[in-house]
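**Q** Okay, here's the structure, questions in a sec.
Quick note: the coordinates plus some simple rules give every number you see, no bench work behind them. Nothing here was measured: the structure is a model prediction, and the numbers come from that model. Because the Cβ atoms are built from the backbone with ideal geometry, glycine has one as well, and the counts that use them run over all protein chains shown.
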């Protein structure tokens, strides 16, 4: 094909038109990017996408959220901590439009840093409705930040008190049978945890959000039981964990709720141990009740040595079953043996309800009670099994009236960070910003020169 002056002019016109259209397209994209934003999280575990539970907590904050991050602009390793924290907070700022981020270099503004009462060199302070929380930058992740937001959202301090003085499982105890790990997690969620000895206390404090009774080992005095009754009559909330042991004087409380506590241990073959009888009852998504505590809850839970929690209907209480187990099991009334078998004449066939939720109106407030047929499931030994922790937190949140915080708790992202040293970053930058463009320029120049000589 002979290239004439006319064809050469046509090619130049086409190239010019292409360049004009390309510039117009880039300009249009830049203009649209200013008003619209699309983002895709391509990480395997979705580490850059906030979990629905975290978004739910953020949506509960109905006022402005102010985050002040105290970090240097350049550390000893050549990194920029301020840039890092801004990138990590970006998903939260995007989810909450009235949230603001202020970056402060404590070396440049030492007075401001001192006035903030920093506990670590690099730290953020989150403020909401004249309340504030501190979080060290090295401890920042979705789990910790969501817990911080939950504490701010909870507002006034919510006190969770456990009955003490009778050998109960303690919310600050370190023994295997205690509930210390659960108590520490409640504190992270914004609750104040304290013991209550009714032998010396005049009454259950009126500002207690929840009273926890976890298997007393000694009989309560009649006066102590009377104080618990007065607390419940006034509309107090109760989490009662009942093991395979006597009620130790709490029979009037059981009668008040209409509890029917049959003897025997739940036998469930879903989770059979290597040795010993199958006394680990398993709760699954299909067997959770329709209730705010278990709404959307699908994680398996484990209830060791559980007992049945049955009820006599009372008009004043609205009762809902929470957990049903042993679909193919039963309640064993005889001594538990490794090779236990069902006795039609004595044992009670499943399914078995082991947790119930009670609710009624007392004056202008809603009173809530949860009774669970085992305290083992929240003990230090078994708390980490399945969704035991999440279910326990849901129970306490519901009892405390924080219905919007009843959800599967947010988890920390499982992806590991990609650590790249400064020299490698320089090499990557030189390769992509200098070497690669230079290769394209040289290649394009050679091709152009050859075509020019051919014509």
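**Q** Order these peptides, 435-448, 376-389, by their mean beta-carbon neighbour count within 10 angstrom, highest first. Could you put the intermediate results ahead of the total?
**A** On the way: 435-448: 10.1, 376-389: 20.5.
Listed from highest to lowest mean packing, they are 376-389, 435-448.
**Q** Where both residues lie in the chain, what percent of DSSP beta bridges are antiparallel, nearest 5? Kindly include the intermediate steps, with their values, before the conclusion.
**A** Values: 38 of 62 bridges.
Bridges in the chain that DSSP calls antiparallel: roughly 60 percent.
**Q** Under a plain spin-label model, where a point goes 7 Å from the Cα along Cα-to-Cβ, how far apart in nm are residue 361 and residue 25?
**A** Going from the residue 361 label point to the residue 25 one covers 6.5 nm.
**Q** Counting each DSSP H run of 4 or more residues in the chain as -39500 (n - 2.57), what helix-only mean residue ellipticity at 222 nm follows after dividing by all residues, to the nearest 500 deg cm²/dmol? Please list the in-between numbers first.
**A** Values: 11 runs with 142 residues, N = 455.
Result for the chain, helices only: -10000 deg cm²/dmol.
**Q** What ratio of Cα Rg to 2.2 N^0.38 Å holds for the stretch 157-405?
**A** On the way: Rg = 17.3 Å, N = 249, 2.2 N^0.38 = 17.9 Å.
The reported ratio for this selection is 0.96.
**Q** Kindly rank 303-310, 116-123 from highest to lowest mean number of other beta carbons found within 10 Å of each residue. Before the final figure, lay out each step's value.
**A** Numbers: 303-310: 22.9, 116-123: 15.4.
Ranking the peptides 303-310, 116-123 by packing returns 303-310, 116-123.
**Q** Could you work out how much longer the chain between residue 423 and residue 136 gets when fully extended? Use 0.36 nm per residue separation minus the Cα distance between them, nm to one decimal. The partial results should precede the final answer.
**A** Working: separation 287, 0.36 × 287 = 103.32 nm, distance 2.76 nm.
Full extension of this stretch gives 100.6 nm more.
**Q** Under the rule a/c < 1.5 gives rounded, and otherwise a/b versus b/c splits prolate from oblate, where does the stretch 76-203 land using the Cα gyration tensor?
**A** Note, shape of the stretch 76-203 comes out prolate.
**Q** Under 8 Å for C-alpha pairs, at least 6 residues apart: give me the relative contact order for the stretch 52-151, rounded to a whole percent. If you can, show how the numbers build up before the last one.
**A** Details: 124 pairs, mean separation 33.7, N = 100.
Value for the stretch 52-151: 34 percent.
**Q** Apply 1/(1 + (r/R0)^6) to the Cβ-Cβ distance of residue 103 and residue 451, taking R0 = 51 Å, and write down the FRET efficiency to the nearest 0.05. Don't skip to the answer; put the middle values down first.
**A** Numbers: r = 52 Å, r/R0 = 1.03.
That pair, residue 103 with residue 451, gives E of 0.45.
**Q** Could you give the length gained by full extension between residue 33 and residue 7, i.e. 0.36 nm per residue of separation minus their alpha carbon distance, to one decimal place?
**A** Working: separation 26, 0.36 × 26 = 9.36 nm, distance 3.87 nm.
Between residue 33 and residue 7, full extension yields 5.5 nm more.
**Q** On to the next question. Roughly how far apart, in whole Å, are the Cα centres of the stretch 267-332 and the stretch 66-85?
**A** First find each Cα centre; the distance between them is then 49 Å.
**Q** Could you tell me the distance between the Cα centroids of the stretch 345-389 and the stretch 201-244, to the nearest Å?
**A** 16 Å
**Q** On to the next question. Would you work out the relative contact order for the stretch 267-412, in percent, from Cα pairs under 8 angstrom that are 6 or more residues apart? Display every interim value, and only then the final one.
**A** Details: 282 pairs, mean separation 36.8, N = 146.
With pairs under 8 Å counted, the relative contact order is 25 percent.
**Q** Sort 98-109, 175-186 by packing, meaning the average of other beta carbons within 10 Å per residue, with the highest value first.
**A** 175-186, 98-109
**Q** So how much slack lies between residue 206 and residue 194, counting 0.36 nm per residue of separation and subtracting their Cα-Cα distance, in nm?
**A** Numbers: separation 12, 0.36 × 12 = 4.32 nm, distance 1.39 nm.
Using 0.36 nm per residue and subtracting the Cα-Cα distance, I get 2.9 nm.
**Q** How high is the relative contact order of the chain, given as a whole-number percent (alpha carbon pairs under 8 Å, six or more residues apart)?
**A** 14 percent
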